[in-house]
Amino acid sequence: MKHLTILLTLLMSCGIFSQKRPVLIPMPHSLEWRTGQFELTAKTDLLYEGDLENEARYLADILNQATGFEMEPQKEGKENKNPILLKIDPTIEENKEAYQLKVTTEKVTLIGASPTGVFRGIQTLLQLLPPAIYGKQKSEESWKIPVVSITDKPQFQWRGMLLDCSRHFMEKDFVKRYIDLLAYHKMNTLHWHITEDQGWRIEIKKYPKLTEVGAWRTEKDGTRYGGFYTQEEIKEIVQYAVDRHINVVPEIELPGHSQAALAAYPEYSCTGGPFEVETEWGVFREIYCAGNDGTFEFLENILTEVIELFPSPYIHIGGDEVPKYRWEQCAKCQKRMKDEKLHDTHELQSYFIKRIEKFLAANHKRLIGWDEILEGGLAEGAIVQSWRGMNGAIEAIKTGHPAIVSPTSHAYFDYDLKSIDLEKVYSFDPIPKEADEEQKALIWGGECNMWSERAPQELVDSKVFPRILAMTEVLWTYPMARDYEQFYQRVQRHYPRLKVMGVQYGFETMPVHLEHYFQPDGSAELRLNAGTPELKLCYTLDGTTPNEQSKIYRIPIEPKDSCFVKVQAYKEGKTYGEVFEQAYEPHQVLGKQADLLTTYSSHYTGGGDKALVNGLRGSTDFRDGNWQGYQYDDLVVVFDLRDQELNFSEVSVGFYQYNNSWIFLPKMLMVEVSQDGKNFKQIAHVDNEISPKQRGKFLHELQAKFSPQSANYLRVTAKNIQYCPDWHEAAGSKAWLFVDEILVK
Ligand code: ACM
Ligand code: ZN
């Protein structure tokens, strides 16, 4: 098979198939190429039957702009020579988004199961034309469409992207541009995240302070940052999306992520405030008071205006990341729990969501919430959006509730390529393994989430593209055998289209992956793998910035001492991606057996059981793959040193603090030794002197020094602080301890 592919590739590159066929993303379900072409000319008629004026107009506008023709859609017009004909035939498929597209040398016929089906088919037609078809200016191309027959429909009914316009405000025209980009790629849902701790972005007439106060924050340098959408602007955006068969689902966060609203109306908090619109990123403890009926009146009034603005049958109410600290301290919340016989604050959260769900249902809207809405009992008609892995979806579908999946493992496009690259997204399976046939049908689809803490508007393209191409193919086509290589080649050919669309797309993968091996003699070997085969890797080991004159990577690096590897990838003579950096520090227990007596998180493995003795040091990016995370638990590691003649007088352990993400340095580090592996004697104890309050992301090593030891066993313990402290925004939540290396010297 591989040889056949190579042969075909060779033949194509020799020009034997002189006209390269267009590539389609997402790939249609069935497609048959034939020979010949249809040519679009100034004389081509655009005809439509039935209720398709909007779709015909949409197509004409795109075609006319790029071709300079003056096509006027005609309803049930006479068929002249070489027309494009749009029709509806509900009998072709039950699925409303289905379409059939038949191109002959004489005629293009596009039949949709509904206007939406026709609209999706129009996107296929556009992808069959040269990339310049998306241009805003007239282009001198010959507008040929290859003869083809396509039958197509989506696998999943929910194909969405979340756009967070709260952490960073995004302009109205930018949002409309994304609606176009979603439409071009057959996505059908814009999940619009417009309320947050850091900014309230939707005008609510009854509560003007929500935008007067809540839409603006004072940054640390004193500047004011913010913005919001007026109701008129929202109507414009929603109509723009309706015209493009995209459903806009607004997300109004409650009961958490609501500090901006509470800055404007502190009376609906537990303490009464005052609060500021938040400027840090994270999870914050100021949430709506669940004991105050006024809170529900306030939220219902807001939702009443939201319901008016959005035709979506669904309203997203957030529900994620709700620290219960305030509720536990609040007399009103405690009284509510007593009156309603609620056993804990999870049940209080469930009470909150259920009350909102009833209100929405009475107004003919269905509630969607993040998977935390399962805690304490799921509201009757709720739809669950699973983000902390797939477990939320599994739990929802087992009880007959629909689920939308957007797990952090594959669908968080704010994450960097180290954790989620194009291939990873392409491997995503929205259907949990454990689902039976009935439950599978409850997986409505998925979303990619573009959170904007680290992505102001100008960076969004580079994070969303090209990864969304993989997501749309997973959700529309759901290819059974994922042939990444073939998809990758189509992506390369899709880039010219993205360029004409003005998309500032990013990279497909990290240019460099570093692999670490222990050789039989215990020495280490570092291997650099290029993200794609065509990349050239140039590197240095002394921390200087590499350039094209630096050493070219060919054979594994065998570092004898500490070093700082820096690698720059090059593609066709141009730098590809940023410089890859990895600090490496060998020590006496490098590669030795380390028994971990507590369990590290499956999300932060640091590379597995040997992560703490592999010499690879963590950076200030806690998702760099070198950090091992322990939530609530201590770190306890025992080294069996019996077969080594080791004399050591120091144990240093690398830790990390970023309290916004609940990661704290340990309370203390303890070192013990033993001869029998049972009775341990403490030889050093180091208290951490750095305050958990210290902000920012930083590394810190705790160093224990003692008289030289030559024990059979060594035990290293670092005490987790266990809970976010009382002053912390997420007070009471389980704290993280992050470790990268245990260095014995
Ligand atoms: C989420 O990422 N907090 C839904
Ligand atoms: Zn309260």
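Taking (1) assigned to a strand (DSSP E or B); (2) over 30 Å from PHE648 (Cβ atoms); (3) modelled with pLDDT under 90; (4) open to solvent by 20 Å² or more (accessible area, probe 1.4 Å) in turn, GLY577 satisfies each apart from (4). Going by the structure shown, is ILE287 within 16 Å of ligand 1 (Cβ to nearest atom), open to solvent by less than 10 Å² (accessible area, probe 1.4 Å) and either within 23 Å of the chain's Cα centre (by Cα) or closer than 29 Å to LYS338 by Cα (or both)? Yes: the conditions hold for ILE287.
Screening the candidates LEU597, LEU514, LEU590, LEU526 for the property of being touching a strand residue (DSSP E or B) at 6+ places or on another chain (Cβ under 8 Å) and either over 19 Å from LYS610 (Cα atoms) or open to solvent by 50 Å² or more (accessible area, probe 1.4 Å) (or both) yields one hit, LEU597. Look at ARG326 and say whether it is open to solvent by 10 Å² or more (accessible area, probe 1.4 Å) and touching a Phe, Trp or Tyr at 6+ places or on another chain (Cβ under 8 Å). No; evaluated as a whole, the condition is false for this residue.
Using the structure shown, decide if ILE683 is open to solvent by less than 50 Å² (accessible area, probe 1.4 Å) and within 36 Å of the chain's Cα centre (by Cα). No, not satisfied. Being of a type in the set (A, V, I, L, M, F, W, C), over 29 Å from GLN593 (Cβ atoms) and crowded, with 18+ Cβ neighbours inside 10 Å holds for only one residue in TRP736, TRP662, TRP727, and it is TRP662. If the condition is being farther than 21 Å from LEU367 by Cβ and touching a residue at least 24 places away in the same chain (Cβ under 8 Å), then the stretch 391-410 contributes only THR408. Taking the criterion of being more than 18 Å from GLU308 (Cα to Cα) and within 15 Å of ligand 1 (Cβ to nearest atom), the residues of the stretch 235-269 that qualify are LEU254, PRO255, GLY256, HIS257, SER258, GLN259.
In the stretch 435-447 there is no residue that is buried (at least 18 other Cβ atoms within 10 Å of the Cβ) and either hydroxyl-bearing (Ser, Thr, Tyr) or farther than 24 Å from PRO154 by Cα (or both).
Scanning the stretch 190-232 for residues that are of a type in the set (Gly, Ala, Ser) and open to solvent by less than 10 Å² (accessible area, probe 1.4 Å) turns up GLY199, GLY214, ALA215, GLY227.
Taken as a whole, the structure places ASP461 among residues that are modelled with pLDDT of 95 or more, surrounded by fewer than 24 Cβ atoms within 10 Å (Cβ to Cβ), closer than 19 Å to TYR134 by Cβ and not polar (S, T, N, Q).
Any residue at all in the stretch 625-646 that's within 23 Å of PHE580 (Cβ to Cβ), buried (at least 17 other Cβ atoms within 10 Å of the Cβ) and touching a helix residue (DSSP H, G or I) at 6+ places or on another chain (Cβ under 6 Å)? Yes, there is a match, as at least one residue in the stretch 625-646 is within 23 Å of PHE580 (Cβ to Cβ), buried (at least 17 other Cβ atoms within 10 Å of the Cβ) and touching a helix residue (DSSP H, G or I) at 6+ places or on another chain (Cβ under 6 Å).
Condition check ((1) hydroxyl-bearing (Ser, Thr, Tyr); (2) at pLDDT 95 or above; (3) not in a strand (DSSP E or B)) across all residues:
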position	(1), (2), (3)
LEU24	no, yes, yes
ASP61	no, yes, yes
ASN80	no, no, yes
LYS87	no, yes, no
LYS102	no, yes, no
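Any residue in the stretch 125-148 that is buried (at least 24 other Cβ atoms within 10 Å of the Cβ) and not aliphatic (A, V, I, L, M)? There is no residue in the stretch 125-148 that is buried (at least 24 other Cβ atoms within 10 Å of the Cβ) and not aliphatic (A, V, I, L, M).
Every residue, every condition in (1) more than 16 Å from TYR288 (Cα to Cα); (2) modelled with pLDDT under 95; (3) touching a Gly at 6+ places or on another chain (Cβ under 7 Å), yes or no:
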{"position": "GLY318", "(1), (2), (3)": "no, no, yes"}
{"position": "LYS324", "(1), (2), (3)": "no, yes, yes"}
{"position": "LYS335", "(1), (2), (3)": "no, no, yes"}
{"position": "ASP339", "(1), (2), (3)": "yes, no, no"}
{"position": "THR345", "(1), (2), (3)": "no, no, no"}
{"position": "TYR351", "(1), (2), (3)": "no, no, no"}
{"position": "LEU360", "(1), (2), (3)": "yes, no, no"}
{"position": "ASN363", "(1), (2), (3)": "yes, no, no"}
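Taken across the stretch 190-201, residues that are over 30 Å from TRP476 (Cα atoms) and among the hydrophobic types (A, V, I, L, M, F, W, C) do occur, with at least one present. The sole residue among GLN65, GLN37 that is touching a residue at least 12 places away in the same chain (Cβ under 8 Å), part of a helix (DSSP H, G or I), of a type outside the set (Ser, Thr, Tyr) and surrounded by fewer than 21 Cβ atoms within 10 Å (Cβ to Cβ) is GLN65. Here VAL148 clears all of (1) of a type in the set (A, V, I, L, M); (2) in a helix (DSSP H, G or I); (3) more than 19 Å from the chain's Cα centre (by Cα) except the condition numbered (2).
When GLU321, GLU308, GLU300 are checked against the criterion of being open to solvent by 30 Å² or more (accessible area, probe 1.4 Å), more than 16 Å from ligand 2 (Cβ to nearest atom) and under 30 Å from GLU219 (Cβ atoms), a single residue qualifies: GLU321. Within the stretch 331-350, the set of residues being within 13 Å of ligand 2 (Cβ to nearest atom), of a type outside the set (A, V, I, L, M) and crowded, with 20+ Cβ neighbours inside 10 Å comprises CYS333, ARG336, THR345, GLN349. Among the residues here, GLY272 qualifies as away from ligand 1 (no atom under 16 Å from the Cβ), small (Gly, Ala, Ser) and open to solvent by 10 Å² or more (accessible area, probe 1.4 Å). Would you mind stating whether ILE92 is open to solvent by less than 20 Å² (accessible area, probe 1.4 Å), at pLDDT 95 or above and either more than 19 Å from ILE246 (Cα to Cα) or out of contact with any Phe, Trp or Tyr (no Cβ under 8 Å at 6 or more places or on another chain) (or both)? No. Within the stretch 365-384, can one find any residue that is buried (at least 18 other Cβ atoms within 10 Å of the Cβ), within 20 Å of TRP192 (Cα to Cα) and without any contact (Cβ under 8 Å) to a residue 40 or more places away in the chain? Taking every residue of the stretch 365-384 in turn, at least one turns out to be buried (at least 18 other Cβ atoms within 10 Å of the Cβ), within 20 Å of TRP192 (Cα to Cα) and without any contact (Cβ under 8 Å) to a residue 40 or more places away in the chain.
Scanning the stretch 474-511 for residues that are part of a loop (DSSP other than H, G, I, E, B), of a type in the set (D, E, K, R) and open to solvent by 10 Å² or more (accessible area, probe 1.4 Å) yields ARG482, ASP483. Among the residues of this structure, LEU612 counts as one that is part of a helix (DSSP H, G or I) and of a type outside the set (Phe, Trp, Tyr).
The values are calculated or read from the model by the stated rules, or taken from the named source; none is laboratory data. As the structure is a prediction and not an experimental result, all values here were calculated from the model. In this analysis, Cβ positions are derived from the backbone assuming ideal geometry, glycine residues included, and neighbour counts consider all displayed protein chains. SASA here: full protein model, heavy atoms, side chains in, ligands and nucleic acids out. Shrake-Rupley method; radii C 1.70, N 1.55, O 1.52, S 1.80 Å.
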